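Bear in mind these aren't lab numbers, they're just calculated from the coordinates by the rules spelled out. A quick note: this is a predicted structure, and the numbers were derived from the prediction, not measured. Cβ atoms come from the backbone with ideal geometry, glycine included; neighbour counts cover every protein chain shown.
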Amino acid sequence: MIRTLFFTFLFLETIYELCLTLLNIRHVKQHAKEVPPLFRKTIDEDTYRKTVSYTIDKNRFSLISQLLSTVFILVLVASGFLGILDEWVQFTGWHLYLQGILFLVLLSLLVRIVSLPLTLYQQFVLEERYGFNRMTGKLFLSDLGKGLVVQLILMTPLLLGLFWFMDEAGRYWWIWAFLFVTLFQLVVTLLYPLVIAPLFNKFTPLSEGSLKEKVLALAEKLGFQTRGIFVMDGSKRSRHSNAYFTGLGKVKRIVLFDTLTQTLSEEETCSVLAHELGHEKQKHILKMFLVSSVFLFFGFLIVDALLLYEPLYRAFTFQRPSYHGILTILSLCVGPFTFFLNPLINGLSRRFEYQADRFVVERAGLGEALASALLTLSKENLTNLTPHPWYSFYHYSHPTLGERLQALRKGTVA
Ligand SMILES: [Zn+2]
């Protein structure tokens, strides 16, 4: 019964995702003949054709990935593999907590191995075909190795703490565990820019020169400290460009990809920076963190309710209830049982993007520069200019380029 329910929701999720992607491909094809009027002045036909074919290739790839991932989960659950792996870790005779860690580490390794061909195809065939890939095989392997080590180092204390609370903290263990995980996330956020990110990239403070002068002037105008603006060597992996905000408190920093500073004019770079400062000023990161904490809280409430419910474990072929069992079941179920909530989170994120853009217009006076920066970046990144409205409503964390340009223009005029 439980298994049927799970498979039904998994099936619904997959069908839903496939239909949306197919709709999106069709929509892009229907608009492929000529550049949409909004972009006719700025995007040439050649670039547009490339954009269309990149979008279609990427969407086809995601169709295949979605299907394969569903098949993998079906096999994992229906074959009894989870139960067999669970029995196998019991044979080690290790402490229960270590058995749990071993189980989860092996399972996540398996997922990585199974998805490796897709990851390789995406990076070295798809991205390569459009000239985005800059990654060498050696760098790919070193990223993979470092990623595994970082994952292991983070997972071990997190799981040990979690298991301990489940065991020892009494009736309201889940509230303590929730607080522990939240604190753990905060510590990782704090350490990420200082310890983890530098393992993968080089971060250089913005060098002296006219860009830095402009940035300093902008920061002063907006009342910000400027210590934390860094340029990252994103170009060693990909030609895609980006900027983001990271860290907490004293280690807050804005990171600009070197590909971004190479492509944009100084004024455009400043406008992107102002957008990131807008996020910071309006506390968007904190707000998102609070929202995800609410989800986490309910997650723990559910774990508490189901922790000793044996039929649930049997449905996923586990012989006995266990901490790692419930975590595995929950992580398998979270997608199929919450996928329809996606637009809520993405809707909130898009609202924040509009607010940050408005900040650029009203406070920094760089609306025009931002509009031209967004256009340049879209061209460089071959961003889909004509997503199906349902697709972007469901999947996009940012408004579409057209939506953002229109909002910016309104803001500039007003
Ligand atoms: Zn943003």
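Values for this structure:
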quantity: Contact order relative to length of segment 144-285, as percent, for alpha carbon pairs under 8 angstrom and 6 or more apart; calculated: 18 percent
quantity: Rounded to 10°, Cα long-axis angle of helix 81-91 versus longest principal axis of the chain; calculated: 60 degrees
quantity: By average C-beta atoms within 10 angstrom, highest first, the peptides 401-409, 198-206; calculated: 401-409, 198-206
quantity: Residues with amide H under 5 Å from that of residue 231, placed H, sequence gap 5 or more; calculated: 204, 206, 256
quantity: Relative contact order of the chain, defined on C-alpha pairs under 8 angstrom at six or more residues apart (%); calculated: 23 percent
quantity: Length-normalised contact order for segment 247-406 - Cα pairs under 8 Å, 6+ apart - percent; calculated: 31 percent
quantity: Value of Rg/Rh across segment 28-176 [Cα atoms, Kirkwood radius]; calculated: 1.15
quantity: Helix axis angle, 137-168 relative to the chain longest principal axis, alpha carbon, degrees; calculated: 50 degrees
quantity: Label point 7 Å beyond Cα of residue 19 along Cβ direction - residues of segment 376-398 with amide nitrogen under 17 Å; calculated: 388-395
quantity: Label-point separation in nm, residue 96 to residue 344, each point 7 Å along Cα→Cβ; calculated: 3.3 nm
quantity: Prolate/oblate/rounded label for segment 112-271 (Cα gyration tensor, a/c 1.5); calculated: oblate
quantity: R0 of 45 Å, Cβ-Cβ distance residue 63-residue 286: FRET efficiency to nearest 0.05; calculated: 0.80
quantity: Highest to lowest packing among 42-49, 347-354, scored as the average C-beta count within 10 Å; calculated: 347-354, 42-49
quantity: Within segment 368-389, backbone nitrogen closer than 18 Å to the virtual label 7 Å beyond the Cα of residue 34 toward Cβ; calculated: 385-386
quantity: Where N is the number of residues in the chain, Cα Rg divided by 2.2 N^0.38 Å; calculated: 1.08
quantity: In degrees, nearest ten, helix 342-359 long axis to first principal axis of the chain (Cα); calculated: 30 degrees
quantity: Cα lying deepest toward the dipole's positive end in the chain, options 177, 159, 331, charges on Cβ; calculated: 331
quantity: Point-charge dipole on Cβ atoms (K/R +1, D/E -1) for segment 271-340, about Cα centre, debye to 20; calculated: 20 debye
quantity: Filter on 41/221; 33/287; 58/146; 212/281; 214/281; 29/202 - keep pairs with C-alpha separation over 31 Å; calculated: 41/221; 33/287; 29/202
quantity: Burial ranking of peptide ranges 265-277, 207-219 (average Cβ count within 10 Å, highest at the top); calculated: 265-277, 207-219
quantity: Neighbour net charge for residue 210 - beta-carbon separation under 11 angstrom, K R +1, D E -1; calculated: -2
quantity: Linear extension gain, residue 213 paired with residue 130, 0.36 nm per residue minus alpha-carbon span; calculated: 26.4 nm
